[in-house]
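**Student:** Have a look at the structure that comes next, please.
The values are calculated or read from the model by the stated rules, or taken from the named source; none is laboratory data. Note that this is a predicted model, so its numbers are computed, not measured. Note that each Cβ is placed from the backbone with ideal geometry, even for glycine, and that neighbours are counted across all protein chains shown.
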Amino acid sequence: MTFNSNNIEEEFIEARNNWNLEKLYIDLATAKGKGLTPVEKKFLRGLLCGYSPGEIADTVYQSRSSSTVRVYLSNGLYKYMEEMLSNYAGNLVKIKNWSRVTHLLEKAGYKKNSAHQSAVNQQPISDNFISNHVIADKSAKKQDWGEATDASLFYGRKQELEKLKKWIVTDRCRLVVLLGMGGIGKSALSIKLAEQIQLQFDYVIWRSLRLAPTLEVILEQLLEFLSPQTDISLSTTVSYSISQLLAALRSSRCLIILDCFDSILDSNEEQTPADNLDISKNKANYILPQIRYRPGYEVYGELIRRLGDSRHQSCLLLTSREKPPEISSFEGENLPVRSLKLSGLGNSESWEILRTKGFTQSLAPIAKELIKCYSGNPLFVKLVATTIQELFGGNIHDFLEQGTLVFGDIRDVLDQQFNRLSDLEKQILCWLAVNQDFVSVNKLQKDIVPRVSQRLILEAMELLQRRCLIARQANNFIPTPVMMEYIAERLIEQNLKTNQETHIEPSMDNTLFEVQLKNYIRETLLNAEM
């Protein structure tokens, strides 16, 4: 992500028309101790134009990923502004929300034609500004969005938002888990939800666990934000820090969001690589792994247990591809611990994604078929839309005709989840995939080869449910359509590698293919080595 320094003044130029930039540059440089860099000036002008970090990233880098911009702001400009404004006001000023920057700087007199402008050039900021700032800072310092992405382009999920609002705001749930397979939109929904209910809380803090930070690091950040007077020393135990956190959650109403919780979850068994979907050997003695924590991360379980079981007035929201092991024993429709599993977007919401990618209304009918293939998974729809534009000239029909739906980044997302499965879970997914009708647990136990005990079947099905890889209707189950396509392609590829002729055309829309694939898998399983 680079930009042309020769054009440094060509972006966000309207800021110069409305703000006293030169004085602001000088005052911020004084707070910094040296001059602002061209990048800092550019991002500052973006903020002064009312752009969010995501919109600044889109303008500067042609990317919706705002992590670079947010780092520059939180580690640079915000700190310089805080010191500059604190010196003026005589009170501690903290900036945690980009949307408050223009308000504070205007009050400080940096906006042209501002009533405060002449005063700020001659004397410290007035008492009126100090009182106004205290109100603004009271709101701003209570929100820490970390590296939360820009959720301004958000589609659908009205029912899910309303349900989550009821659970958290009305029912006062202490712990909520947002579940769904990769790309389904858990992170975006958590951000949009927090934006809509933030005024119901004294504190809002959003953190990603994608890089698997230790619980000690997370607790230190939470306590520093929620209870800065708390003494945190190296000798403090995790259990004691959780007790301190609980005290903060009881004294104030807080919303804490931990995104990508599955990053710290793992299986306790060495997995079969996704490239080797072995269904041809006898696996009668299955060792079924459970969803567990990665070594060293087990203490997160204590955090969940205590925050879910103890009385407090706050809410911890987790997003995950897999349900954490402690949740099942605590959750219930009328209990303060609940989980919500996300499915794909509807046709109209998915079409909005395609429309923003440049597809015209005339393609809406054929787009329904494309959306159905990916079950309305927002990430998959975005990725395939780009491929169709770049390789097929925007022709959806030509893309569907070529027959391959799972590729590139879509394949990577499914590989990540598939690699976490045990051999038995993979075996069950195969058997579910070749049945176009929903399959019951009892029927599965009778049909699967080699035979497996009912206990193992139940445990494996429960795991697949908690991993969000199968859909349930009454007492019957089926994999998601894109997962069936993924499994079919894996089986065909493996068969080709072993030079076994299948004569199967890879198109899930072709009835002959479905029949041939079903016969192929059943023949492979029935001829398993004994």
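**Student:** Here are the criteria: (1) at pLDDT below 85; (2) under 23 Å from Asp262 (Cα atoms); (3) surrounded by 15 or more Cβ atoms within 10 Å (Cβ to Cβ). Tell me which single one Tyr374 does not satisfy.
**Tutor:** The single condition Tyr374 does not satisfy is (1).
**Student:** Could I ask something else about it? How do the pairs read when you match residues in region 379-399 that are touching a residue at least 40 places away in the same chain (Cβ under 8 Å) with residues anywhere that are part of a loop (DSSP other than H, G, I, E, B) and small (Gly, Ala, Ser), using Cβ under 7 Å and keeping only pairs 6 or more apart or on different chains?
**Tutor:** Leu379/Gly183; Phe380/Gly183
**Student:** Which one of Gly301, Gly296 is modelled with pLDDT of 90 or more, in a helix (DSSP H, G or I), among the small types (Gly, Ala, Ser) and assigned by TED's automatic domain parsing to the domain that holds Val204?
**Tutor:** Result: Gly301 is the single residue among Gly301, Gly296 that is modelled with pLDDT of 90 or more, in a helix (DSSP H, G or I), among the small types (Gly, Ala, Ser) and assigned by TED's automatic domain parsing to the domain that holds Val204.
**Student:** Restricting the first residue to region 10-27 and requiring it to be more than 15 Å from Phe43 (Cβ to Cβ), which pairs with a second residue that is part of a helix (DSSP H, G or I) and polar (S, T, N, Q) meet a Cβ separation below 9 Å and a spacing of at least six or different chains?
**Tutor:** Matching pairs, first to second residue: Asn20/Gln117; Asn20/Asn121; Lys23/Asn121.
**Student:** Just name the residue that is farthest from Ala460 (Cα to Cα) out of those in region 310-347 that are surrounded by fewer than 13 Cβ atoms within 10 Å (Cβ to Cβ) and not acidic (Asp, Glu).
**Tutor:** For region 310-347, the residue satisfying everything is Arg311.
**Student:** Follow-up question, since we're still on this one. Considering only region 409-424, how many residues are more than 22 Å from Ile184 (Cβ to Cβ) and not in a helix (DSSP H, G or I)?
**Tutor:** As a first pass, look at region 409-424 and keep what is more than 22 Å from Ile184 (Cβ to Cβ): 422-424.
Cutting the leftovers down to not in a helix (DSSP H, G or I) gives us 422.
Here the count works out to 1.
**Student:** What helices (runs of 4 or more DSSP H), lying completely within region 12-76, carry at least 3 residues that are over 30 Å from Thr386 (Cα atoms)?
**Tutor:** Answer list for region 12-76: 14-18, 21-32, 38-48.
**Student:** Right, something else. Going through Val169, Val120 one at a time, which residue ends up being among the β-branched types (Val, Ile, Thr) and modelled with pLDDT under 85?
**Tutor:** Val120
**Student:** Scan region 379-408 for residues that are of a type in the set (S, T, N, Q), assigned to a loop (DSSP other than H, G, I, E, B) and either assigned by TED's automatic domain parsing to the domain that holds Ile184 or within 28 Å of the chain's Cα centre (by Cα) (or both) and report the count. Spell out the reasoning first.
**Tutor:** Residues of region 379-408 that are of a type in the set (S, T, N, Q), as a first pass: 386-387, 389, 395, 402, 404.
If we keep only those that are assigned to a loop (DSSP other than H, G, I, E, B) as well, we get 395, 404.
Right, trim to either assigned by TED's automatic domain parsing to the domain that holds Ile184 or within 28 Å of the chain's Cα centre (by Cα) (or both) and you get 404.
Residues meeting the conditions: 1.
**Student:** Among the residues of region 190-205, are any touching an Asp or Glu at 6+ places or on another chain (Cβ under 7 Å), among the hydrophobic types (A, V, I, L, M, F, W, C) and farther than 20 Å from Ser251 by Cβ?
**Tutor:** No, the conditions are met nowhere in region 190-205.
**Student:** Now, a different point. One residue is enough: does region 404-414 have a residue meeting the conditions over 30 Å from Ile291 (Cα atoms) and either without any contact (Cβ under 8 Å) to a residue 12 or more places away in the chain or of a type outside the set (Phe, Trp, Tyr) (or both)? Steps first, please.
**Tutor:** If we filter region 404-414 for residues that are over 30 Å from Ile291 (Cα atoms), which is where we start, we get 404.
Okay, now just the ones that are also either without any contact (Cβ under 8 Å) to a residue 12 or more places away in the chain or of a type outside the set (Phe, Trp, Tyr) (or both), so 404.
Yes.
**Student:** Determine which member of the set Thr170, Thr214 is among the polar types (S, T, N, Q) and without any contact (Cβ under 8 Å) to a residue 24 or more places away in the chain.
**Tutor:** Numbers: Thr214 fails: without any contact (Cβ under 8 Å) to a residue 24 or more places away in the chain.
The conditions single out Thr170.
**Student:** Also, I was wondering about something else. Regarding region 76-94, can at least one residue be identified that is at pLDDT below 50, out of contact with any Gly (no Cβ under 7 Å at 6 or more places or on another chain) and not assigned by TED's automatic domain parsing to the domain that holds Ser227?
**Tutor:** Within region 76-94 (the criterion being at pLDDT below 50, out of contact with any Gly (no Cβ under 7 Å at 6 or more places or on another chain) and not assigned by TED's automatic domain parsing to the domain that holds Ser227), the answer is no, since none of the residues qualifies.
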